[in-house]
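The values are calculated or read from the model by the stated rules, or taken from the named source; none is laboratory data. Predicted model only: the values in this text are computed from it and were never measured. Here the Cβ positions follow ideal geometry from the backbone for every residue, glycine too, while neighbour counts run over all protein chains shown. Quick note on the areas: whole protein, heavy atoms, side chains included, nothing else; ligands and nucleic acids left out. Shrake-Rupley method; radii C 1.70, N 1.55, O 1.52, S 1.80 Å.
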Amino acid sequence: MTDDLVNLLDLQAKDLALIALDVRTLEIDEEEAALEREVAGAVGKAAQAEREAADAGVRRDELEQRIESYKKLNDRRRQRLETVRNPTEATTLMAELDLAQSVVKREEGEWVKAADAVTLADERAKLAAAVVAEMRSAQSVARDAVAAKRIALAAERAAAKSARDAAAKSVEKPLRVRYERLFYSRRRPVVVALAGVSCSACRTAVPTSRRAATSGGLLADPCESCGVILYRLAVEG
């Protein structure tokens with residue numbers, strides 16, 4: 001086996017190892033996502049409860065402002081009533097005042113209902129938030145385990161990447177560029193051995209003239225069918 005072939009196969013092995021580590025990273029991502037899915041429903045309910053509590057607060061505050069506005073109007077009517085001498089105008093003002101007071105009374109009743117609604121909505125929001133916190137607390141051990149695996153895997157990948165980069169330097173640039181173009185587009189082995197007289201990747205037969213070009217190393221030309229880099233380990237008998 002030639003040095004070029006040895007170095008190229010070593011580089012490919014390290015690239016495949018990196019892909020395996022990336023797959024493990026995706027598996028960790030899925031573990032974390034699964035934990036999030038467990039609480040997603042509770043989180044959604046908590047958010048909805050918070051919105052409802054906020055809406056209830058807005059409704060209560062709007063009623064409070066309206067009541068205050070009505071009361072100010074009534075105060076002005078009373079002041080006018082004290083200075084009015086015309087009986088007809090006084091009767092009209094008293095009727096307006098009675099109507100306005102009934103409106104205030106009705107609005108105050110609505111305000112009480114709105115204030116009760118705010119209290120209930122706040123309680124529901126707090127309960128929903130507590131459910132989320134309880135669920136996350138129950139997941140703490142699993143989340144810590146996922147975080148530890150992520151840290152360990154990141155360190156492992158960094159070391160593997162460093163080893164891969166070092167291996168790449170041992171491969172001649174033209175061959176490395178050819179290999180990397182193939183490998184990164186397919187992310188699977190692209191340096192493959194002959195299986196008898198055929199490409200082991202696609203099982204296409206390789207002409208005898210091309211197989212005879214080397215006695216144990218890389219073939220000069222790629223597979224005519226799938227384009228992988230071919231090699232043979234020994235002269236065929």
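Say the cut-off is 29 Å between C-alpha atoms; which of 71/113; 45/72; 14/173; 45/113 go over it?
As for pairs spanning more than 29 Å Cα to Cα, those are 45/72.
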Report, in debye and to the nearest 20, how large the dipole of the chain comes out about its Cα centre when Lys and Arg carry +1 and Asp and Glu carry -1 on their Cβ. 720 debye
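At a 1.4 Å probe, what is the % contribution of carbon and sulfur to the accessible area of the chain?
56 percent
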Tell me the Kirkwood radius of the chain: reciprocal of the mean inverse pair distance over distinct alpha-carbon atoms, in Å. 25.8 Å
Under 19 Å from the 7 Å Cα→Cβ point of residue 233, by amide nitrogen: which residues of the range 1-43? 1-14
Using alpha carbons only, how many angstrom separate the centre of the range 13-30 from the centre of the range 145-172? 10 Å
Once both axes come from the Cα atoms, what is the angle between helix 140-168 and the longest principal axis of the chain, in degrees from 0 to 90, rounded to 10? 40 degrees
Provide the convex hull volume over Cα atoms per residue for the range 10-52, in Å³. 49 Å³
If the chain between residue 165 and residue 30 were fully stretched, how many nm would it gain, using 0.36 nm times the residue separation less the Cα-Cα distance? 45.8 nm
Sticking with the crude label model, points 7 Å out along Cα→Cβ, report the distance from residue 156 to residue 220 in nm, one decimal please. 4.4 nm
Over the chain, calculate the relative contact order: mean separation of alpha carbon pairs under 8 Å at least 6 apart, over the residue count, as a percent. 28 percent
Using each residue's phi in the range 62-73, evaluate 6.51 cos²θ - 1.76 cosθ + 1.60 at θ = phi - 60° and report the 3J(HN,Hα) Karplus result to the nearest Hz, with x for Gly and Pro. 5, 5, 4, 5, 5, 4, 4, 5, 4, 5, 5, 4
Along the three principal axes, how long is the range 77-195 when you take its alpha carbons, biggest first, rounded to the nearest angstrom? 115, 37, 29
